[in-house]
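Participant: Got a structure here, written out as structure tokens. Questions coming.
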Amino acid sequence: MWTFNPQVARHLDSYFLRALAGGFLIGLASLVALLSTGVIPGISGLFSRILRKPGAGTAWRLVFFAGLLAGAGLLFATVDSAAAYRPAHGLVALAVAGVLVGFGTRLGGGCTSGHGVCGIGLGSRTSLVATLVFMAAGIATVWMLVHLNFPPPR
Amino acid sequence: MSTRWINLFAAGFLFGAGLALSGMTDPGRVIGFLDVTGKWDPSLAFVMGGALTTFALGNYLWRRRNGARGWFGDTLPSADTTSPIDFRTLLGSLVFGVGWGISGFCPGPALANLAALRAGALVFVPAMAIGMLLARVLFQADQDVGVN
């Protein structure tokens, strides 16, 4: 049955505005990175390239990630809502999920940013299909976990 | 320091700030978004919608003015150079979605949470690196969207 989260309703104004503003920043950042390199700046692809032997493309990716940590760190330290963090399940489950995410994004050629923002934004049909698949898989996984009595953190 | 590097630091900074501001760094929020049959939290649709609209519109306007040349003269990728829909893309995205649903982490938010030294991110990110190396060793898979 579909019910609306009452916590959401209480903070309707700023809650959705922050989500939209954050999305705008992510889109702008992706655009600047694309225009500055000619490389589609999906996070999984950028990160995986850093794991390879250092080459010509390693340094700018490290600079990008240094910026990412600085930007996130500043917001965590200054905006209460940004520091919200409710982990799901234990560290063992997170380790398994981490392997799945790393493996899946490389086999599938992108993640939420690479396929979901950049790929679709460039008009790629592949990225649209990939995004629909990982969204559906995420929804199905959460549904199954809920029915196995692992409710989402509130 | 060249302008390109300043751009890339700024891009990373905005990306990290955007992730934190939007709430995507909270795994509970992401799982609430995927929990469509429970107490659904639709706010992350605004994050993805806002990001996609900004990126697509900016990309369109830039190319209309400058063609397929980037800020520093690089050739910009276009949709027709992106990889075809194949079994790997479908299987990989399926596996990624399962991991995303379990953890509430996709790669960006997991990395951003390293800035707060959260235990979850400190476990998740090395595990993610192992998964990436596995994909490379087992399937020679390390494709990026469109270009390398």
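Each reported figure results from applying straightforward, stated rules to the coordinates on display, with no laboratory input. The structure displayed is predicted, hence computed values, not measured ones. Cβ placement follows ideal geometry from the backbone for every residue including glycine, while neighbour counts extend to all protein chains displayed.
Participant: Read phi for every residue in region A:74-87 and hand back ³J(HN,Hα) as whole Hz from Karplus 6.51 cos²θ - 1.76 cosθ + 1.60, θ = phi - 60°, with x for Gly and Pro.
Facilitator: In residue order, the calculated couplings are 4, 5, 4, 7, 10, 10, 4, 5, 5, 7, 4, 8, 10, x Hz.
Participant: Hey, got the average number of other protein chain Cβ atoms within 10 angstrom for residues in B:113-122? If you can, show how the numbers build up before the last one.
Facilitator: On the way: counts 5, 5, 10, 8, 1, 3, 3, 11, 4, 2.
Across B:113-122, the average partner-chain Cβ count within 10 Å equals 5.
Participant: Can you pull the mean other chain C-beta count within 10 Å for peptide B:63-71? Don't jump to the answer; show the numbers that get you there.
Facilitator: Working: counts 1, 0, 0, 1, 0, 1, 2, 6, 6.
The per-residue average across the peptide is 2.
Participant: Report, by chain and number, residues whose modeled amide H sits under 5 Å from the one on B:Trp40, excluding near sequence neighbours (fewer than 5 apart, same chain).
Facilitator: A:Thr3, A:Asn5
Participant: Further question: Could you order the peptides B:14-20, B:72-78 from most to least packed, using the average number of other C-beta atoms within 10 Å per residue?
Facilitator: Details: B:14-20: 30.3, B:72-78: 15.6.
Per-residue mean Cβ counts within 10 Å order the peptides as B:14-20, B:72-78.
Participant: Moving to a separate point now. Tell me, what HN-Hα J-couplings in whole Hz come from the Karplus equation 6.51 cos²θ - 1.76 cosθ + 1.60 at θ = phi - 60° for each residue of region A:37-47, using x for Gly and Pro?
Facilitator: 10, x, 9, 5, x, x, 5, 5, x, 4, 5
Participant: Taking each residue in A:56-67, count the Cβ atoms of any other chain within 10 Å of its Cβ, then average. What number comes out? Write out the running numbers ahead of the final one.
Facilitator: On the way: counts 0, 1, 0, 2, 8, 2, 2, 10, 10, 8, 5, 13.
Counting other chains' Cβ atoms within 10 Å and averaging over A:56-67 gives 5.
Participant: So what are the ³J(HN,Hα) numbers for region B:102-112, from phi and the Karplus equation (6.51, -1.76, 1.60; θ = phi - 60°), rounded to whole Hz, Gly and Pro as x?
Facilitator: 5, 9, x, 10, 9, x, x, x, 4, 5, 4
Participant: Taking the Cα atoms only, what angle lies between the long axis of helix B:3-22 and the longest principal axis of chain B, rounded to 10 degrees?
Facilitator: Tilt of helix B:3-22: around 30 degrees.
Participant: Here's another thing I want to ask about it. For B:Arg69, what residues show an amide H to amide H distance below 5 Å, using hydrogens built from the backbone and excluding near sequence neighbours?
Facilitator: Answer set, sorted by chain and number: B:Leu76.
Participant: Sorting check: for A:23-35, B:100-112, which peptide has the highest mean count of neighbouring beta carbons within 10 Å, and how do the rest follow? Mind showing how you got there, number by number?
Facilitator: Numbers: A:23-35: 25.8, B:100-112: 28.8.
Per-residue Cβ counts within 10 Å, averaged per peptide and sorted highest first, yield B:100-112, A:23-35.
Participant: Using just the alpha carbons, could you tell me how many Å³ per residue the convex hull of the protein assembly as shown encloses?
Facilitator: Values: hull volume 36.3 nm³, N = 302.
Roughly 120 Å³ of hull volume per residue.
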